[in-house]
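Each remark here refers to the structure printed beneath this line.
The values are calculated or read from the model by the stated rules, or taken from the named source; none is laboratory data. Everything quoted here is computed from the prediction, not taken from an experiment. So basically every Cβ, Gly included, is an ideal-geometry build from the backbone, and we count neighbours across all protein chains shown. Surface accessibility is based on the protein's heavy atoms, side chains included, excluding ligands, DNA and RNA. Shrake-Rupley method; radii C 1.70, N 1.55, O 1.52, S 1.80 Å.
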Amino acid sequence: MKQRGVFLIGLILISVYYFLFPRGSGRELIITPDSLTSLEPTESSTGFLPGRTLAISSGSRAGFVNDDHELISFYSSDKMAVDDHWLAVSGVGGLDLLEPDGRLIARIPDSSFPVSRNGNLYLYRDDAGVLLKIDPTSGRIMWRMEYISPVTVLDGRQGRTLVGLLDGRVQLIDDSGKLLLGYSPGGSRVEAIYGGALSSNGSKIALISGLEPQRFILLEERKNGFRPVAHHNTKTNFRRSVPIGFVRDDRQILYESDGFVTAVNLNGYVIQTIELSGRLVGWLDNLMTDTLILLGREKDDVIVKILSRHDLTLFESRLPIDTTGILRDRNYALVIGSDNLGVLEFSVQ
Amino acid sequence: MKMSCRICLVPFILLQLTFFPAAVGAREWPDKSVNVQEPFGAAQSGHFNRGLSFSSEGQRISAWSSGEVIWIADTGNPPGSVPGEGLIVLEHSDGFRSSYRGIERRPDLKYHVSGGEWLGYAGNDVWIFEITDVERSRIVDPISLLPSRNDMPPVSIGQVEMMRGSDRLDIRDGMQLTPGRWIIIVNEVYSDGSRAIPVEISLFWVGERIGSLRFDAMAESDEGIVMEIPDPRSYDFIYNPDGQVWFRDVLLNAGKGTLELRLRDETGRVVSGSWSLSVR
C-alpha cells in the first residue's frame, strides 16, 4: 500500500514536471551580424550584374542591393517608390519608371507621389484627390479614381486595391478599375478610415475605422461578396494613420494600440496584447521558425523585439535611432538606417 | 416680470457674441484674407483647385471655426502611410469638415480647437484651405462660408477670344463673323488675388443667356470630380488645355447683335463687357 502511494506520487510529480516545466528542444535561434553597408546615393547604376535584386528605401532615398546585400544603386528624391523589380522617381519632367539597373521603362507626364504596395505601383496626387494605378512593366495607366476626400489607406494584393478614405468609405477595386466593394463601417461618432490591409490572397480586409469608438473590423469574402465577420472596439482614438497588417500566413492581424501592439488571431478570434515601447513602425514575420519581429519607435529610441510562435519575447534590444525600417530576405533581416544597412543572419542550431 | 427677464437676456447674448464669438460658432478667415492667391475651382495643372490657395510662408494659420482635429498627416507619419504631409482636418458640429493642406502643425496642437485658434505655420509653398459638406458629400467654395471681403476691388474682364478651327481672334466692337458654332475663350478670369473672386461667369447673345458657369461646389461622379453648376460639369468642359475658361459650341446665327459677358463676384457685384458683332 505504501509502495503504491509512493509510486502514484512519483507518477504525479513526473507528469507535472513533464507537462509544466519547459525543456530544451536542442534547437536554438542564433542571430549573427552579417554585414554593414553604407548607403550613399549613386544616382546611377554601378557594378550592376544580372541577378536577383532587393529593393530598400529609407526616407527620401531608395535603391537596390544584390544577393550578397551589396549596394547596386541608390537614388534620392522626395517623391519616390521602389519595388524589387522597379523604381519610380518623380522629377520636374514627370515620373521616370526605371529597371533596377537604371534603364528607363517609361516616362509618365505626372508629378504625383508614386506609392509602392506589394509589387503594385500607384500615383497619388493629394491636393487633387487623384489616384492612378500604373502597370510597372509598361507605365500604362490601368485605372484612375478621383476622390473628394483624402485617401488614408492604400494596399494592393492579387490584382485588388484597397482604398480607405477620410470620409469613412472603403473601396476594393480590381485591375480593370471595377469597384468590387463599396463599404462604410459606420458605428462611430466620427466616420473615417484610419488603417487598413488586405490579406495576401486578397480575400480578407482588416480595417481601423472611426473615432469614439475607434473600431477594428474584419471583412471576409463569401460567395455573395464581402461580409463583416468580426469587430471590436480598439480603445484607441488615433487621429493619424494606424499601422495594421496580416502576418503569419494570414493567421494573425497586428495593429498599433496605445503603447502596445494588438494581435488578433483569426483561429478562434483571440485578441492578445504584445508589449512594445513606442509606436509600431514595422514588422517581419516567418523569418525563421515562425518568429515575428516588431520594430517600435519611442522619442529617442528604436526598439526591436523578436517573438516566438506563441508570441513570447525571445529577444529585445535597442537599435540606432536613425533606423527607419526592417526587411526580410531569405533568413536575413535587413535593418535599414538613414546612412547604413545592417544585415543580421538568422539560423537554428 | 417675464418680459423684463427677456430684456435682460438681450445684452447678455450681445456680450457673448462680441467677446466669445467661438462659443457661438463664429467663422473666421484662417489666414489674412488678402493672401488669397487662387480661388476655388481655378485651373491647377489639369485639375480644379479644391479650395482657397494662400501664399503666406511662415505665417500662423488658424481654425476656421471651432472643431475637433480628426486627421493629422505630418513628418511623423508611420512608414507605409499614404503620401500627403502637412494636412490637418477638423470636424465641425454643423456638418462641415475643414482641411488645412501644406502647413506645419504646431507641436502642442490639442484635439479640440476654438475658432481662430492657431493650428500651425504656412509652409514654403502655397497652402490650401478646403471645406467639405460631409452630409452632401461635396467640397464647397469656402468663400461662401467666410466673412465677406467687401473692400476688395471688383473683378476685371480680361481678353476674350473667338475661336473656330485654327482661327483665333481677339473680340472687339464691330467685329464681323461668319455664322455657325464658335468657341469663346475668356482669359484671366482670376486675377493675382488683388481683386474680388468671380463666382459666376455668364454669356449672353442678343439678350439671351447662352452659357453660365457657377463655382459653388464640386462632387464625385463616374467621370471624376465635377463642378456642380448646378449640372455636373467636368474640368475639360470648363477649361481648355491651356487652363482658360471656355464656352464651346456657341451658336451665332446670321444678324447683328451684342455679345455680353457678365462676371458676378464674391460680394454680389456684377461686372460686364459687351461687344457689337455682325454675323453674316
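Results for (1) within 21 Å of B:S194 (Cα to Cα); (2) within 13 Å of chain A (Cβ to nearest Cβ); (3) within 17 Å of the chain's Cα centre (by Cα); (4) among the acidic types (D, E), shown as yes or no for each residue.
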| site | (1), (2), (3), (4) |
| --- | --- |
| B:S98 | no, yes, yes, no |
| B:E104 | no, no, no, yes |
| B:Y111 | no, yes, no, no |
| B:V126 | yes, yes, yes, no |
| B:D133 | no, yes, yes, yes |
| B:P142 | yes, no, yes, no |
| B:L145 | yes, no, yes, no |
| B:R149 | yes, no, yes, no |
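Given the residues A:L211, A:L207, which is the only one that is out of contact with any Gly (no Cβ under 9 Å at 6 or more places or on another chain), closer than 30 Å to B:E135 by Cα, open to solvent by less than 30 Å² (accessible area, probe 1.4 Å) and not assigned by TED's automatic domain parsing to the domain that holds A:L334?
Details: A:L207 fails: out of contact with any Gly (no Cβ under 9 Å at 6 or more places or on another chain).
Unique residue meeting the criteria: A:L211.
Of the residues B:S55, B:S45, B:S93, B:S65, only one is under 23 Å from A:P213 (Cα atoms) and either touching a Lys or Arg at 6+ places or on another chain (Cβ under 6 Å) or open to solvent by 10 Å² or more (accessible area, probe 1.4 Å) (or both); which?
B:S93
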What's the number of the only condition in (1) in a loop (DSSP other than H, G, I, E, B); (2) farther than 21 Å from B:T132 by Cα; (3) in contact (Cβ under 8 Å) with a residue 12 or more places away in the chain; (4) open to solvent by 20 Å² or more (accessible area, probe 1.4 Å) that B:W29 fails to meet?
(2)
Subset of segment B:137-161 [without any contact (Cβ under 8 Å) to a residue 40 or more places away in the chain and open to solvent by 50 Å² or more (accessible area, probe 1.4 Å)]:
B:D151, B:Q159
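Please state which one of B:V160, B:V189 is on the phi < 0 side of the Ramachandran plot, touching a Pro at 6+ places or on another chain (Cβ under 7 Å) and more than 14 Å from chain A (Cβ to nearest Cβ). Give the steps one after another, and end with the answer.
Working: B:V160 fails: touching a Pro at 6+ places or on another chain (Cβ under 7 Å).
Exactly one of B:V160, B:V189 is on the phi < 0 side of the Ramachandran plot, touching a Pro at 6+ places or on another chain (Cβ under 7 Å) and more than 14 Å from chain A (Cβ to nearest Cβ), namely B:V189.
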Kindly indicate which of B:W71, B:W118 is at the interface with chain A (Cβ under 7 Å from one of its Cβ atoms), out of contact with any helix residue (DSSP H, G or I) (no Cβ under 9 Å at 6 or more places or on another chain) and aromatic (F, W, Y).
B:W71
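On the given criteria, is A:D258 within 28 Å of A:E191 (Cβ to Cβ) and open to solvent by 10 Å² or more (accessible area, probe 1.4 Å)? Talk me through it step by step, then tell me what you get.
Values: within 28 Å of A:E191 (Cβ to Cβ): yes; open to solvent by 10 Å² or more (accessible area, probe 1.4 Å): yes.
It is true that A:D258 is within 28 Å of A:E191 (Cβ to Cβ) and open to solvent by 10 Å² or more (accessible area, probe 1.4 Å).
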What do you reckon, is A:I336 aliphatic (A, V, I, L, M) and more than 14 Å from chain B (Cβ to nearest Cβ)?
no
Residue list for segment A:166-197, filter: assigned to a strand (DSSP E or B), buried (at least 21 other Cβ atoms within 10 Å of the Cβ), within 13 Å of chain B (Cβ to nearest Cβ) and touching a Ser or Thr at 6+ places or on another chain (Cβ under 9 Å):
A:A192, A:I193, A:Y194, A:G195, A:G196
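Please return the ranges of strands (runs of 3 or more DSSP E) entirely within segment A:232-328 where 3 or more residues are aliphatic (A, V, I, L, M), under 20 Å from B:P79 (Cβ atoms) and within 14 Å of another protein chain (Cβ to nearest Cβ). Don't jump to the end; show me each part of the working.
Numbers: elements: A:244-247, A:252-256, A:260-265, A:270-275, A:279-285, A:292-297, A:302-307, A:313-319.
By residue number, A:279-285.
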Kindly provide the set of residues from segment B:39-68 that are in contact with a helix residue (DSSP H, G or I) (Cβ under 9 Å, 6 or more places away or on another chain) and part of a loop (DSSP other than H, G, I, E, B), ordered by number.
B:P39, B:F40, B:G41, B:G46, B:G51, B:S55, B:S56, B:Q59, B:A63, B:W64, B:S65, B:S66
Which of the residues spanning segment B:75-95 are at the interface with another protein chain (Cβ under 8 Å from one of its Cβ atoms) and assigned to a loop (DSSP other than H, G, I, E, B)?
B:G76, B:N77, B:P78, B:P79, B:G80, B:S81, B:V82, B:P83, B:G84
